[in-house]
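Engineer: A single structure is presented below for examination.
The values are calculated or read from the model by the stated rules, or taken from the named source; none is laboratory data. What you are looking at is a predicted structure, and each value in this text was computed from that prediction instead of being measured. So basically every Cβ, Gly included, is an ideal-geometry build from the backbone, and we count neighbours across all protein chains shown. Just the protein is used for accessible areas: all its heavy atoms, side chains included, with ligands, DNA and RNA removed. Shrake-Rupley method; radii C 1.70, N 1.55, O 1.52, S 1.80 Å.
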Amino acid sequence: MDIESILIKHIEQAFVDLYATQVEKISLQPTKKDFEGSHTFVTFPYTKITRQKPDETAHLLGEYLQNHSQVVDRFHVVQGFLNLTISDRIWLQAFDEMRNQKELGQFAPTGKKVMVEFSSPNTNKPLHLGHLRNNFLGDSVARILAARGYEVVKSNLVNDRGIHICKSMVAYLRHGNGETPETLGIKGDHLVGKYYVLFDKDLKRELESEMLSIQKKHSTDGLNYPMTVIQKINTLLQKLAENPEEKKAEELWDAIKKEVQNYCPSQIEAKNLLLKWEAGNEETMNLWKKMNGWVYEGFHATYRKLGIEFDKIYYESDTYLLGKDIIEEGLQKGVFYRNADSSVWIDLTADKLDQKLLLRSDGTSVYMTQDLGTADLKYQDYQIDKSVYVVGNEQDYHFKVLFKVLEKLGRPYAEGLYHLSYGMVDLPTGKMKSREGTVVDADDLVAEMKEIAAERTRERGKIEELSEQELEHLFEIIGVGALKYFLVKVDPGKRMLFDPLQSVDFEGDAAPFIQYQHARTHSILRTAKAQGLAWKPENYATYQKLEPSENNLILIIYDLERKILESADNYAPSIIAQYVYEVAKTYSRFWNECPIFQTPDPDAKSFRIALSELTGRTLARAMSLLGIEVPERM
């Protein structure tokens, strides 16, 4: 039942009957919580038609609707805002219709296809806390868009090549001694990450040694660097002698360090290994494949824990040469220009951006070149209408340029491109373990969340009926659910503080509270079944007068589809998170204010059981859109 559409038709008819005028584009908004009613009509834009004050218009329209519409039970006017209260009979009818829906909140197919690209890890280290927000946002947006009726493709572009990958390989060649994830009993991504850290330690040690030599001598004597680099460092040393001021000296030493780092043995070895990789050297390729294979197994294990799946995985090693044909196309169309040094650029200053390099003077690609080619590849593979990139806000400028370039090239999919930009995640100092001391590892975080969930759940009790195996599964559901909910409930664009202890909260705005309310609905159904109680419409057919808590609960359940629309249109899982928390709170109030098994009225008893059932389904559906599992027992 589309109550809003019915109301709009009745309001349109009211304008015809009262003012002999047909109006179009009538819109309603939800009534503010502090006022009675569910739907509000704002009369201010229509005073030229009615030639009355807003309050007078609202009163006349309200009286008309109360007398002529079976939907409206009563009305209330607040300074030109017409707040409408829907009759209990209509809400009960809507309730039965929702109960009969096979899947709540599922829209008809739109006939359009959307790709959501997220995760995009590097194969030189495990997933970390930042990846978790990315994964949870991407997965949830994909689920919400699917509920909205889109055909969704979830993709992952893995960064499996480049200097950062070669760094782990260099360290493994130096220190690995043939060890494998199996011989050490650790996940492959953690093993490769260990060597990435070892490379950094080797490089820092070499850099400190070189810098100490330069600082002691205050010269480049003995350094085996290219002459251009020697000259640059000597120029910086000369400036140091001329600028003893502390802050300036620090800047100059940093500039020298940057030059020196490029010629440390570890850095040179990594660059040489990258050249071998690009040349297809067999030994290098075999090591690359082996170490990447370890990482993929580790990633897949983490993804399974998190409930994350992909329909398509792209690899940068396959896409990094894409885009060069597009460069030629852009030059022919006059969209790009070639510089005197043969490099290719686009001038976007008229679009309030900048001039952007698209191809280096030596003919090698930059990231933008590759991204242009990958965008074409994705469209060729799936003929997508929309493409959502889930990437941190440090890449905001990059995506503005990418989308503008594709628009200027006349790509048919350019209008459907969207960058879901999100802020960083901070942790309270000392709250969370970190394997390397700097980055919070995703596996460590999930394990600690499970520990917190287990501790909090055992403190609450009420788990005697569950086996140890069931408890382990429950702790995992609660821990991972708390993590997901906390990271998606904040608007994606905002930087956020993640507090693990605060996230496992059975009383406040957290997943465990919502999960507990879902488990409570199933407890009601188990008790009803044990008592032989039925909760079909014929068992509460004469129940016509809703209690306020019952009415509020039906009203918010009815709002599910509107929230899915809003969330899909804004690519904002936070809207669903806020909604499902309100459902849980409203059910908690209903449970406290409307006795179920204690009421002597059999109609009320059957109806409240049925209402609990529908609430449970609504909670499960909304949480599933966030990728969160809900248990039937807690």
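Engineer: Do you know which of the residues in region 265-283 that are in a helix (DSSP H, G or I) and more than 30 Å from residue 212 (Cβ to Cβ) is modelled with the lowest pLDDT?
Structural biologist: This residue is 278.
Engineer: Can I ask one more? Here is a list: 351, 362, 347. Which entry is farther than 18 Å from residue 119 by Cα, surrounded by fewer than 18 Cβ atoms within 10 Å (Cβ to Cβ) and in contact (Cβ under 8 Å) with a residue 40 or more places away in the chain?
Structural biologist: One residue alone meets the criteria, 351.
Engineer: From 248, 204, 217, 232, grab the single residue that is open to solvent by 90 Å² or more (accessible area, probe 1.4 Å) and within 44 Å of the chain's Cα centre (by Cα).
Structural biologist: 204
Engineer: Okay, next question. Out of contact with any strand residue (DSSP E or B) (no Cβ under 9 Å at 6 or more places or on another chain), under 25 Å from residue 110 (Cα atoms), among the charged types (D, E, K, R) and crowded, with 21+ Cβ neighbours inside 10 Å, is that true of residue 563?
Structural biologist: yes
Engineer: Give me the residue from region 377-398 that is free of Cβ contacts under 8 Å to residues at least 60 places away in the same chain and surrounded by fewer than 18 Cβ atoms within 10 Å (Cβ to Cβ) and, out of that set, nearest to residue 568 (Cα to Cα).
Structural biologist: Among those that are free of Cβ contacts under 8 Å to residues at least 60 places away in the same chain and surrounded by fewer than 18 Cβ atoms within 10 Å (Cβ to Cβ), it is 396.
Engineer: Same structure, new question: Of the conditions (1) under 15 Å from residue 77 (Cα atoms); (2) over 42 Å from the mean Cα position of the chain (by Cα); (3) modelled with pLDDT under 95, residue 48 fails just one. Which one is it?
Structural biologist: The single condition residue 48 does not satisfy is (1).
Engineer: Separate question: Out of region 144-157, which residues are crowded, with 22+ Cβ neighbours inside 10 Å and either within 12 Å of the chain's Cα centre (by Cα) or more than 26 Å from residue 490 (Cβ to Cβ) (or both)?
Structural biologist: 144
Engineer: Among the listed residues 262, 243, 286, which satisfies the condition of being open to solvent by 20 Å² or more (accessible area, probe 1.4 Å) and at pLDDT 95 or above?
Structural biologist: 286
Engineer: Output the number of the condition that residue 494 fails; it satisfies all remaining conditions of (1) open to solvent by 10 Å² or more (accessible area, probe 1.4 Å); (2) touching a strand residue (DSSP E or B) at 6+ places or on another chain (Cβ under 6 Å); (3) in contact (Cβ under 8 Å) with a residue 40 or more places away in the chain.
Structural biologist: Exception for residue 494: condition (2).
Engineer: Hey, among the residues in region 91-105 that are assigned to a helix (DSSP H, G or I) and more than 11 Å from residue 546 (Cα to Cα), which one's farthest from the chain's Cα centre (by Cα)?
Structural biologist: 93
Engineer: Testing residue 74 on (1) farther than 21 Å from residue 559 by Cα; (2) in a strand (DSSP E or B), one condition comes back false. Which one is that?
Structural biologist: (1)
Engineer: Still on this structure, I have one more. What pairs come out if I take residues in region 223-247 that are within 15 Å of residue 210 (Cβ to Cβ) and pair them with residues that are polar (S, T, N, Q) and assigned to a helix (DSSP H, G or I) whose C-beta lies under 9 Å away, six or more apart or interchain?
Structural biologist: As it stands, the answer is 223/213, since those pairs meet every condition given.
Engineer: Any residue at all in region 272-279 that's open to solvent by 20 Å² or more (accessible area, probe 1.4 Å), under 26 Å from residue 141 (Cβ atoms) and touching a residue at least 24 places away in the same chain (Cβ under 8 Å)?
Structural biologist: No, region 272-279 contains no residue that is open to solvent by 20 Å² or more (accessible area, probe 1.4 Å), under 26 Å from residue 141 (Cβ atoms) and touching a residue at least 24 places away in the same chain (Cβ under 8 Å).
Engineer: Within region 21-71, work out how many residues are touching a residue at least 60 places away in the same chain (Cβ under 8 Å), part of a loop (DSSP other than H, G, I, E, B) and not β-branched (Val, Ile, Thr).
Structural biologist: Going through region 21-71 one residue at a time, the tally reaches 2.
Engineer: Just for helices (runs of 4 or more DSSP H) wholly inside region 442-519: which have at least 2 residues that are under 18 Å from residue 302 (Cβ atoms)?
Structural biologist: In region 442-519, the matching helices (runs of 4 or more DSSP H) lie at 442-460, 468-488.
Engineer: Pick out the one residue from 18, 84 that is in contact with a Leu (Cβ under 8 Å, 6 or more places away or on another chain) and either β-branched (Val, Ile, Thr) or assigned to a strand (DSSP E or B) (or both).
Structural biologist: When all the criteria are applied, what remains is 84.
Engineer: Let me ask something else. Out of everything in region 570-620 that is acidic (Asp, Glu) and within 20 Å of residue 514 (Cα to Cα), what residue ends up being most open to solvent (accessible area, probe 1.4 Å)?
Structural biologist: Filtering first and then ranking leaves 593.
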